[in-house]
Structure formats: C-alpha cells, structure tokens
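Some notes on the structure that comes next.
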Amino acid sequence: QVQLVESGGGLVQAGGSLRLSCAASGSIFRIDLMGWYRQAPGKQRELVAVISSGGSTNYADSVKDRFTISRDNAKNTVYLQMNSLKPEDTAAYYCKIVTVRRDYWGQGTQVTVSS
C-alpha cells in the first residue's frame, strides 16, 4: 500500500509564498516522476510542475519563474515552492508519483490566494 501525504496549503495574500510538501510511504520500489497538479472549481486538472528522478524539471508556462519543484529521493518527498502568488493560482493542489508499477495521487491540499 502506498500513501501520499500532502501539507503546506493555506490562505495567503497575493504576492505571498507557500511551500507544499508531499511525502510518499509504503511499498515503493522506485519513483520515476514526481509532480504537482492543480484543479480550480469548474476547470480541468492541469499540470503545474514535474521532476524526474535525475532532477530534470518541467513547468506550466503560467508558473515559470514563480514556482520551483524539488525532491528528496532519500525521503520520497517532493516539494513545490510557490512565490509571487496570484489569485488565479487558487486551486486544490495534488501531488502525483509515477512508479514502475502504477501512478499514485495525493488527497489534495487547498491553496487560496486573496487579492
């Protein structure tokens, strides 16, 4: 059984920062990709950022130069540092890991940015 536990969401004013964490535990053989997605009310879930086991990253255009994804392979944890937050960043944020067996999703953490 694999579990993903997310933390770090909350309410912040525009221009502020938050750091999300997602720790994976359980029977994990190897994690290839780790990533963050978000879903705003009435919209489809979208990719925010992804990082490979080797550290290569990819970001949505809307968050480039504001968000930074990182991972600690020893702890099976992925982080998302979010700076210069905007009201349009308001959404439920979900982490996802891709293993050789299957993909796993976290339960989501809410990020709300007030104007």
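The values are calculated or read from the model by the stated rules, or taken from the named source; none is laboratory data. What you see is a predicted model; the values in this text were computed from it and never measured. Using ideal geometry, Cβ is built from the backbone for each residue, glycine included, and neighbour counts are taken over all protein chains shown. Areas reflect the complete protein model, heavy atoms only, side chains present, ligands, DNA and RNA absent. Shrake-Rupley method; radii C 1.70, N 1.55, O 1.52, S 1.80 Å.
Among residues other than N83 whose Cβ falls under 11 Å from its Cβ, what is the net charge (Lys/Arg +1, Asp/Glu -1)? Once all neighbours under 11 Å are counted, the net charge is +1. In this calculation the C-beta distance from Q3 to S52 is compared with R0 = 25 Å, giving a FRET efficiency of 0.70. Here the chain exposes an accessible surface that is 45 percent carbon and sulfur, computed with a 1.4 Å probe and the other protein chains kept in place.
A 1.4 Å probe run over the protein chains yields, for the chain, 54 Å² of accessible area per residue, whole-number rounding. Once the Cβ-Cβ distance of N73 and Q107 is raised to the sixth power relative to R0 = 30 Å, the FRET efficiency obtained is 0.85.
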